[in-house]
Amino acid sequence: MPYWFTRLVSLLLRDRRFRVHMGNDTSSWRPQRNGLPQSSVLAPVLFNLYSNDLPVTRGRKFIYADDTCLAIQGQYFSELECSLSSDMVRMSHFCRQWRLKPSASKTISSVFHLHNTSATRELSVYLDGQRLRQESHPTYLGVTLDRNAVLQRTLDKDCRQAEEPKQLVDEASNIAHNYMPKDSQTFMCMAIQQLKTSNNQKSKNQRYCVMRYVEQSTS
């Protein structure tokens with residue numbers, strides 16, 4: 001590793017202080033011995049390097065900065081619960097080892113399936129002895145999902161916020177290219193169906209523009 005890089009990181013992390021303001025009171029300065037500077041360009045890169053050796057888990061990991069998602073597929077709920085709880089133990093041990101503190105209150109569990117008879121079934125997944133809260137409509141990186149893994153809520157939100165046809169096309173294009181695999185047409189099909197069944201008659205021209213874009217993208 002080049003000397004200039006280690007020198008740069010050293011200057012970024014050393015001699016840092018903090019204090020707390022509460023009302024009219026201010027604490028004395030204290031040394032900051034851990035963590036990374038907020039809004040620093042290098043902070044996300046350094047954190048990725050720091051947490052690059054996450055433990056091997058049964059679930060597939062999706063990582064964006066300090067947000068980590070574990071996804072696993074199974075035939076039975078009990079299988080999912082056992083696998084995810086086991087992965088939580090591994091992740092928790094890794095965090096303690098490297099002075100990271102996972103937040104059980106901010107960690108949620110969700111399940112996606114088409115079994116209507118088990119629509120209200122909640123997973124029993126634990127992190128550090130605390131059962132994780134079940135979320136029926138989780139939001140990850142700006143995309144809101146439901147039990148059927150449909151993007152309807154995200155589409156509805158973007159359509160409400162868009163006022164011009166071009167903006168609506170840009171929103172659909174952004175979601176398609178950033179949140180869906182390039183070789184998948186699932187989002188396109190959902191978008192076409194959502195736009196065709198919309199009851200908002202004032203947005204006919206907008207829906208037509210997006211439908212043309214979506215259909216051209218799938219051809």
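The values are calculated or read from the model by the stated rules, or taken from the named source; none is laboratory data. Computed from a predicted structure; not experimentally measured. Methodologically, a virtual Cβ is constructed for each residue, glycine included, from the backbone with ideal geometry; neighbour enumeration extends over all protein chains shown. Note: areas computed on protein heavy atoms with side chains; ligands, DNA, RNA excluded. Shrake-Rupley method; radii C 1.70, N 1.55, O 1.52, S 1.80 Å.
For the reader, a short list of remarks on this structure follows.
- Neighbours by Cβ (under 7 Å, 6+ apart or cross-chain): first from region 91-105, within 20 Å of R58 (Cβ to Cβ); second assigned to a helix (DSSP H, G or I) and open to solvent by 80 Å² or more (accessible area, probe 1.4 Å): none
- Residue match in region 27-37 (condition: in contact with a strand residue (DSSP E or B) (Cβ under 9 Å, 6 or more places away or on another chain), closer than 24 Å to R147 by Cα, charged (D, E, K, R) and without any contact (Cβ under 8 Å) to a residue 40 or more places away in the chain): no
- Selection within region 122-141 - assigned to a loop (DSSP other than H, G, I, E, B), modelled with pLDDT under 90 and out of contact with any helix residue (DSSP H, G or I) (no Cβ under 6 Å at 6 or more places or on another chain): E122, G129, E135, S136, H137, P138, L141
Here is a yes/no grid of residues against (1) assigned to a strand (DSSP E or B); (2) surrounded by 10 or more Cβ atoms within 10 Å (Cβ to Cβ); (3) not acidic (D, E):
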position	(1), (2), (3)
M1	no, no, yes
L11	no, no, yes
D15	no, no, no
S28	no, no, yes
S39	no, no, yes
N48	no, yes, yes
N52	no, no, yes
P55	no, yes, yes
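- For T117, the criteria (1) surrounded by fewer than 16 Cβ atoms within 10 Å (Cβ to Cβ); (2) in contact (Cβ under 8 Å) with a residue 24 or more places away in the chain hold in every case but one, which is (2).
- Per-region count, region 67-81, residues part of a loop (DSSP other than H, G, I, E, B) and either within 10 Å of the chain's Cα centre (by Cα) or surrounded by 11 or more Cβ atoms within 10 Å (Cβ to Cβ) (or both): 2
- Residue check for K106: of a type in the set (D, E, K, R), under 20 Å from H137 (Cα atoms) and surrounded by 13 or more Cβ atoms within 10 Å (Cβ to Cβ): no
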